[in-house]
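Q: One structure, as structure tokens, below. Some questions next.
Read the figures in this text as sums done on the coordinates, not as results from a lab. Note that this is a predicted model, so its numbers are computed, not measured. Methodologically, a virtual Cβ is constructed for each residue, glycine included, from the backbone with ideal geometry; neighbour enumeration extends over all protein chains shown.
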Amino acid sequence: QVQLVESGGGLVQPGGSLRLSCAASGRTFSGYTMGWFRQAPGKEREFVSGISWSGGTIYESDSVKGRFTISRDNAKNTLYLQMNSLKVEDTAVYFCAVNVGGSVWSAGSYAYWGQGTQVTVSS
């Protein structure tokens, strides 16, 4: 059974940092682009960042550019999101997923969604 499990979320003050992890099991996704999305209460799921299978191509939304860094370790079948300079507006549930075809920016192009991890930025 294919499963993605996110971890690393929590409560942090504005300006703080968190590192999210997404561990895959059941199969390897080393040949696939993977991505992070987030969803705040009452809002649609939005693209945060994506990374090609080799790590050579990075995709970032303008809202996180310069603050968040995506990476992956194919040997460990794990995806990461380093989040620095966090803002209140970054508060959301963060999801990882596998791009199975289509636009890297669109949630509809992804499958094997994890259950999400809550990130709350508040003073």
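Q: In terms of Cα to Cα distance under 15 Å, which aspartates and glutamates are near enough to residue 43, apart from those fewer than 8 places away along the same chain?
A: Answer for residue 43, where 15 Å is the Cα cut-off: 89, 90, listed by chain and number.
Q: Can you compute the charge dipole magnitude of the chain about its Cα centre, using +1 on each Lys and Arg Cβ and -1 on each Asp and Glu Cβ, nothing else charged? Give it in debye, rounded to the nearest 20.
A: Numbers: 10 positive and 8 negative charges, 36 e Å.
Roughly 180 debye for the chain.
Q: Would you kindly calculate the mean projected area, averaged across all directions, of the convex hull enclosing the Cα atoms of the chain, in square nanometres?
A: Convex hull of Cα atoms, orientation-averaged projection: 6.9 nm².
Q: I'd like to compare 30-43, 90-103: which one has the highest average count of other Cβ atoms within 10 Å, and what's the full order after that?
A: Numbers: 30-43: 16.8, 90-103: 19.2.
Put in order of decreasing packing, that is 90-103, 30-43.
Q: For Cα pairs less than 8 Å apart in space and 6+ apart in sequence, what is the mean separation divided by the residue count of the chain, i.e. the relative contact order in percent? Write down the numbers at each step before the final one.
A: Numbers: 306 pairs, mean separation 43.6, N = 123.
Reported relative contact order: 35 percent.
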